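Engineer: The structure follows.
The values are calculated or read from the model by the stated rules, or taken from the named source; none is laboratory data. The shown structure was predicted, so the numbers you read here are calculated from the model rather than taken from an experiment. Backbone-built Cβ (ideal geometry, glycine too); neighbour counts: all protein chains shown. Each accessible area value is taken on the protein alone, full model and side chains, heavy atoms only, with ligands, DNA and RNA left out. Shrake-Rupley method; radii C 1.70, N 1.55, O 1.52, S 1.80 Å.
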Amino acid sequence: MSGTKILIIGAGGQVGTELTLQLRERHGNDSVIATDLKDKAEGIFEAGPYHKLDALDKQGLLDLVKKYGVTQIYHLAALLSATAEKNPMFGWELNMESLLNVLNIAKDNGVKQVYWPSSIAAFGPNTPRIDTPQYCVMDPNTVYGISKLAGELWCDYYFKKYHLDVRSLRYPGLISWKTEPGGGTTDYAVHIFYEAIKNKKYECFLSANTGLPMLYMPDAIKATLDLMDAPAEKVKIRTSYNLAGFTFTPAELAIEIQKHIPDFSISYQPDFRQAIADSWPASIDDTQARLDWGWKNDYNTAAMVEDMLLNIGNKLK
Ligand code: AKB
């Protein structure tokens, strides 16, 4: 797209880092404006425009949208499940207010497309746990989940009422080696690799048999960009699409890691995050994304584990 100007809120986070890189590769460094809480651009962000931006700073966001003539916003800043439980009111404020600011600024200033991620956290204890369908009971019992469900409905509202082209995916746990996640319940599935390589052991904060849906970051980025590229008429769901890669339990992930590091051992010390995990689906039915815009994951658990160990191993050398 010529004339494309993309603004990323939360560019320094787990998804933001990789998405910024890919979008800059596609559209050129100058067309992608990275923003985050850090004062100055560091590392990868130095290649193109970077601005310090608090996701709650409505005026700051508006100024950037006008300054650059922004055509697309990726809003990735959020307090994740575990952190939001420790500070519920701030979790709600950050997650909801920042989204409403983005939607309103986009609608009033000619922004053509908005991307905002939802999560499996939008489901709850009465949701069918296995192969969770696109449409079913959604009764989240975490602040993060409540904010995601409410956010999905706001996205749909802005699409229907104001014709704002908002698109969204319900991310499962995301596994990545470039940037670590922070404050999530699925974060164990990243931490485990660092500990396996450094210390050959890991104490998991979830119990051995807690199955959760997961996705490897290259697939998550591919899904995000494919959804944003899809012709508008193919994007039939404007709340948020179910998205899945694979499911494993901590015990199953440990076995997969042991195939590469035979003396790796895992122990279990479940904490408050166990209750959060227990309220979420174990596997997701993402048929709708596959049918509507051709979603297909490339990585399974074994391929992800191999790639994670290789890259984190190199990083720690
Ligand atoms: C979390 O664990 O909070 C996130 C998520 C599943 O949205 N990774």
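Engineer: Answer yes or no: is there a residue in segment 228-243 that is within 16 Å of the ligand (Cβ to nearest atom), of a type outside the set (Ser, Thr, Tyr) and open to solvent by 10 Å² or more (accessible area, probe 1.4 Å). Can you show your working first?
Structural biologist: In the first step, residues of segment 228-243 are kept if they are within 16 Å of the ligand (Cβ to nearest atom); the result is 239-243.
From what's left, of a type outside the set (Ser, Thr, Tyr): 242-243.
From what is left, the residues that are open to solvent by 10 Å² or more (accessible area, probe 1.4 Å) are none.
Checked against the condition, which is being within 16 Å of the ligand (Cβ to nearest atom), of a type outside the set (Ser, Thr, Tyr) and open to solvent by 10 Å² or more (accessible area, probe 1.4 Å), segment 228-243 yields no hits at all.
Engineer: In addition: For segment 105-127, how many residues are within 13 Å of Ser279 (Cβ to Cβ) and not in a helix (DSSP H, G or I)?
Structural biologist: So the first thing to find is which residues in segment 105-127 are within 13 Å of Ser279 (Cβ to Cβ), and the list is 119-127.
Next, from what is left, pick out any that are not in a helix (DSSP H, G or I): 119, 123-127.
Residues meeting the conditions: 6.
Engineer: Identify the residue in segment 117-126 that is open to solvent by 10 Å² or more (accessible area, probe 1.4 Å) and touching a residue at least 60 places away in the same chain (Cβ under 8 Å) and, among all such residues, is nearest to the ligand (Cβ to nearest atom).
Structural biologist: Pro117
Engineer: So, in segment 244-274, exactly how many residues are part of a loop (DSSP other than H, G, I, E, B) and either assigned by TED's automatic domain parsing to the domain that holds Leu19 or buried (at least 17 other Cβ atoms within 10 Å of the Cβ) (or both)? Break it down stepwise before answering.
Structural biologist: Of segment 244-274, the ones part of a loop (DSSP other than H, G, I, E, B) are 244-245, 249, 259-264, 269-272.
With the extra rule that they be either assigned by TED's automatic domain parsing to the domain that holds Leu19 or buried (at least 17 other Cβ atoms within 10 Å of the Cβ) (or both), the set shrinks to 244-245, 249, 264.
Residues in segment 244-274 being part of a loop (DSSP other than H, G, I, E, B) and either assigned by TED's automatic domain parsing to the domain that holds Leu19 or buried (at least 17 other Cβ atoms within 10 Å of the Cβ) (or both): 4 in total.
Engineer: Filter segment 171-187 for residues that are of a type in the set (Val, Ile, Thr) and more than 10 Å from the ligand (Cβ to nearest atom) and give the result. Show your work before the answer.
Structural biologist: Filtering segment 171-187 down to residues of a type in the set (Val, Ile, Thr) leaves 175, 179, 185-186.
Passing the criteria: only Thr179.
Engineer: Based on this model, can you work out whether Asn109 counts as open to solvent by 20 Å² or more (accessible area, probe 1.4 Å), over 19 Å from the mean Cα position of the chain (by Cα) and away from the ligand (no atom under 16 Å from the Cβ)?
Structural biologist: Values: open to solvent by 20 Å² or more (accessible area, probe 1.4 Å): yes; over 19 Å from the mean Cα position of the chain (by Cα): yes; away from the ligand (no atom under 16 Å from the Cβ): yes.
Yes.
Engineer: Any idea how many residues of segment 185-201 are outside any helix (DSSP H, G or I) and crowded, with 23+ Cβ neighbours inside 10 Å? It would help to see each step written out before you state the result.
Structural biologist: First, the residues of segment 185-201 that are outside any helix (DSSP H, G or I): 185-187, 200-201.
Then keep just the ones that are crowded, with 23+ Cβ neighbours inside 10 Å; that gives 185-186.
Adding up the residues that qualify gives 2.
Engineer: Determine, yes or no, whether Lys52 is among the charged types (D, E, K, R) and within 15 Å of the ligand (Cβ to nearest atom). Break it down into steps so the answer makes sense when it comes.
Structural biologist: Numbers: among the charged types (D, E, K, R): yes; within 15 Å of the ligand (Cβ to nearest atom): no.
The answer is no for Lys52.
Engineer: Could you tell me whether Ala302 is over 16 Å from Tyr202 (Cβ atoms), exposed (fewer than 14 other Cβ atoms within 10 Å of the Cβ), not assigned by TED's automatic domain parsing to the domain that holds Ile221 and not polar (S, T, N, Q)?
Structural biologist: Details: over 16 Å from Tyr202 (Cβ atoms): yes; exposed (fewer than 14 other Cβ atoms within 10 Å of the Cβ): yes; not assigned by TED's automatic domain parsing to the domain that holds Ile221: yes; not polar (S, T, N, Q): yes.
Yes; evaluated as a whole, the condition is true for this residue.
Engineer: Just wondering, is there one or more residues in segment 85-99 that are within 16 Å of the ligand (Cβ to nearest atom) and among the charged types (D, E, K, R)?
Structural biologist: yes
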